[in-house]
1. Using beta carbons and a limit of 9 Å, which pairs, at least six apart or on different chains, have the first residue in the stretch 12-25 and more than 12 Å from residue 188 (Cβ to Cβ) and the second one of a type outside the set (A, V, I, L, M, F, W, C) and part of a helix (DSSP H, G or I)?
2. Can you give me the number of residues within the stretch 367-386 that are over 30 Å from residue 455 (Cβ atoms) and either away from ligand 1 (no atom under 12 Å from the Cβ) or of a type in the set (Lys, Arg) (or both)?
3. Just to be sure before I move on: is residue 253 touching a Phe, Trp or Tyr at 6+ places or on another chain (Cβ under 7 Å), away from ligand 3 (no atom under 16 Å from the Cβ), in contact (Cβ under 8 Å) with a residue 24 or more places away in the chain and within 21 Å of residue 2 (Cβ to Cβ) in the structure I sent?
4. Please work out which one of (1) farther than 30 Å from residue 117 by Cβ; (2) crowded, with 16+ Cβ neighbours inside 10 Å is the condition residue 218 fails and give its number.
5. Scanning the stretch 266-282 for residues that are over 12 Å from residue 302 (Cβ atoms) and under 27 Å from the mean Cα position of the chain (by Cα), which turns out surrounded by the fewest Cβ atoms within 10 Å (Cβ to Cβ)?
6. Give the residue that is surrounded by the fewest Cβ atoms within 10 Å (Cβ to Cβ), with candidates limited to residues of the stretch 26-37 that are closer than 21 Å to residue 99 by Cβ and without any contact (Cβ under 8 Å) to a residue 60 or more places away in the chain.
7. For residues that are within 16 Å of ligand 1 (Cβ to nearest atom) and not basic (Lys, Arg), scanning just the stretch 155-181, find the one that is nearest to residue 97 (Cα to Cα).
8. Out of all the residues in the stretch 165-182, which are touching a Leu at 6+ places or on another chain (Cβ under 8 Å) and either of a type in the set (Val, Ile, Thr) or without any contact (Cβ under 8 Å) to a residue 40 or more places away in the chain (or both)?
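The values are calculated or read from the model by the stated rules, or taken from the named source; none is laboratory data. Bear in mind that the values here come from a model prediction, so they are computed numbers and not experimental data. Cβ atoms come from the backbone with ideal geometry, glycine included; neighbour counts cover every protein chain shown.
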Amino acid sequence: CGVFGVIGVTDAANFVALGLHALQHRGQEAGGIVSHDPVEGFNSARRFGYVRDSFTKQSLMETLPGPLAIGHVRYSTAGSKAAQIRDVQPFFGEFSMGGAAIAHNGNITNADALRRELIDRGSIFQSSSDSECIIHLMARSLQRNIPERMQDALRRVEGAFSIVAMTRTKLIGVRDPLGVRPLVLGRIGEGWALSSETCALDIIGAEFVREIEPGEMVVINQNGVESHFPFRKQPARFCIFEHVYFSRPDSIIGGRSVYETRRQIGVELAREAPVEADLVCPVPDSGTPAAIGFAHESGIPYGMGIIRNQYMGRTFIEPTEQIRNMGVRLKLNVNRALIRDKRVILVDDSVVRGTTSRKIKEMILDAGAKEVHFRIASPPTAWPCFYGVDTPQREKLLAATMSEDEMRDHLAVDSLKFISLDGLYRAVGEATGRDAKCPQYCDACFSGEYPVAPSDMIEKGFEL
Ligand code: 5GP
Ligand code: SF4
Ligand code: MG
């Protein structure tokens, strides 16, 4: 998901709509905005579909007045898969000291247990979302102000959270102690912005100030930014997959350009798994920077052998397998004239279920390619993510049941190689690779080492 908030500008909701539009790659199912105006109070709107289809209409935006607003773009990882408007954030709570709204990116790994406990004690849930627990935990806190109630609530929450929240007068940002999901602070005129990624600061002309630190809460009002560290300090474990796939290439994460990291992954891949061929092609768009790096390092010409229809969203965000299967053809087509009679290296960001790779290989061979070699910009995805990226159940992950050679045979390609975990760490700037004792990132979907035990899943029988 993507979260965004602005304080101290005229008609903040318009800025939030723009910010959410720039974060649309983080969630395409639905979006929501809450605003506050000193006269009109709190207002909210939640809509299915793209931000540009709803939050551009003047008639809707006029209902969201005020100098303070937050918003959320959703794709479902927790909660019911069937899209329901009641699951669309931000969520709102009314407390004795006033209202508050929160927008959450990440996934709470003890949400089922918390929900059971809260329901037993009288909480009335409105949605099936894990994020709603936070509002109910806040309602039970005895603290006298909303930021402190949030701190109380979040100390009980396990897993990943980057949160943008608001009261009548304050914009609040928090990251979980491991800092699994991103969150950044920006300056816009006399006001401030919080965003999942820097690309959304660019769109509103805000200046990037800094990242919110892992375990940090910032409370922003007209007097400026106050910083708190309410959690026990732990070594940070940012999601390495944000670098590989999830974030936009024009964002800056941890002082590094995501594009440059992805290009560097391609360089590492070319060193680790060279192959003789005539053409390096990305599987667009997610494989493009790595393909550029691969071509540069190997000296093999780069070409656009697959053309993407720009009017389709990301395939993995489509909820059912059937739509996903169709999706490959709806979204990608082969550039036959370029491919014919060539030995082709295809560079993609990840192999998850393997359906995309299989279809693409067939399309490339149909177009007359002589050989197809897959090079993948992440290690084999062998484990599900429980921290906010929607990977399927373990059984559906190709790498959970097959070795690299078996996957090559299953996909029926001439060769298949994944970047090593160390190679990936080098590409994100860790010169000596992965520190096995204390890994610098979360890489659980590749390593199976979960930095936070996924307790709800373990209770349901998931085996580590
Ligand atoms: P596959 O066909 O292996 O499931 O899909 C891999 C391709 O689709 C990659 O290009 C990746 O960009 C995207 N993708 C498909 N499904 C998922 C998923 O569940 N999670 C992630 N992270 N990426 C996916
Ligand atoms: Fe990111 Fe993978 Fe960790 Fe999930 S399991 S947070 S996708 S690195
Ligand atoms: Mg892709």
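1. Correct list of pairs: 17/52; 17/54; 21/52; 22/202; 24/52.
2. Residues flagged as over 30 Å from residue 455 (Cβ atoms) and either away from ligand 1 (no atom under 12 Å from the Cβ) or of a type in the set (Lys, Arg) (or both) within the stretch 367-386 amount to 8.
3. Working: touching a Phe, Trp or Tyr at 6+ places or on another chain (Cβ under 7 Å): no; away from ligand 3 (no atom under 16 Å from the Cβ): yes; in contact (Cβ under 8 Å) with a residue 24 or more places away in the chain: yes; within 21 Å of residue 2 (Cβ to Cβ): yes.
So residue 253 fails the test.
4. Just one mismatch for residue 218, condition (1).
5. Applying the first criterion (over 12 Å from residue 302 (Cβ atoms)) to the stretch 266-282 yields 267-269, 271-276.
Filter again for under 27 Å from the mean Cα position of the chain (by Cα), leaving 267-269.
Numbers: 267: 20, 268: 22, 269: 29.
It comes out as 267.
6. The extreme case among them is 37.
7. Looking at the filtered set, the residue picked out is 160.
8. 169, 174 - these are the residues of the stretch 165-182 that are touching a Leu at 6+ places or on another chain (Cβ under 8 Å) and either of a type in the set (Val, Ile, Thr) or without any contact (Cβ under 8 Å) to a residue 40 or more places away in the chain (or both).
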